[in-house]
1. Among all the lysines, which ones have a C-alpha under 25 Å from K17's C-alpha, if same-chain residues fewer than 8 places away are not counted?
2. So between E8 and Q72, what do we pick up on full extension, going 0.36 nm a residue minus the alpha carbon distance?
3. To the nearest 0.05, how large is the calculated FRET efficiency for E79 and I56 if R₀ is 22 Å and r is the Cβ-Cβ distance?
4. If you take the Cα Rg of the chain and divide it by 2.2 N^0.38 Å, with N the number of residues, what do you get?
5. Using per-residue counts of other Cβ atoms within 10 Å, averaged over each peptide, order 74-86, 32-44 from highest down.
6. Would you mind working out the magnitude of the charge dipole of the chain relative to its Cα centre, with +1 at each Lys and Arg C-beta and -1 at each Asp and Glu C-beta, to the nearest 20 Debye?
7. Taking the Cβ of E15 as the center, what net charge do the other residues with Cβ under 13 Å away carry, scoring Lys and Arg +1 and Asp and Glu -1?
Amino acid sequence: MNKHQSVEDFLIYLENKGFKFQEDAIGFIYFGKRYTDASDTIVNTAIEITLKAQKIFDSSFYISVLEILQSQNIKTRREAFQFIQEKGVLAESV
């Protein structure tokens, strides 16, 4: 995954890997991006964390992750995964 990949490109990448998003989920992803004013990197990371933690796209979990990452002023994928692992959301090393 490219660190500076657009949300659209990341969703296409995930769909090519087998994750299928419903139209409402895609709309919610972009809503969350606007609502939190998050960068593409943080949005993509929140999507990835959501899928790894929930095994499906859970819109409320995704929004919570976005809000937490933004409130903690997290800017990179590495910082996000470190923070999420410290909070016990993901136990595995990524």
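The numbers here are math on the coordinates, done by the rules we state, and not lab data. Bear in mind that the values here come from a model prediction, so they are computed numbers and not experimental data. Note that we place each Cβ from the backbone using ideal geometry, even for glycine, and neighbour counts take in every protein chain shown.
1. In chain and number order, the partners are K3, K33, K52, K55.
2. Numbers: separation 64, 0.36 × 64 = 23.04 nm, distance 2.46 nm.
Stretched fully, the E8-Q72 segment lengthens by 20.6 nm.
3. Values: r = 25 Å, r/R0 = 1.13.
After rounding, the FRET efficiency stands at 0.30.
4. Values: Rg = 12.0 Å, N = 94, 2.2 N^0.38 = 12.4 Å.
Taking the Cα Rg and dividing by 2.2 N^0.38 Å, one obtains 0.97.
5. Working: 74-86: 15.8, 32-44: 18.1.
Put in order of decreasing packing, that is 32-44, 74-86.
6. Values: 11 positive and 13 negative charges, 48 e Å.
Charge dipole, the chain, about its Cα centre: 220 debye, nearest 20.
7. Details: positive: K17, K20; negative: E8, D9, E23.
Around E15, the charge tally is -1.
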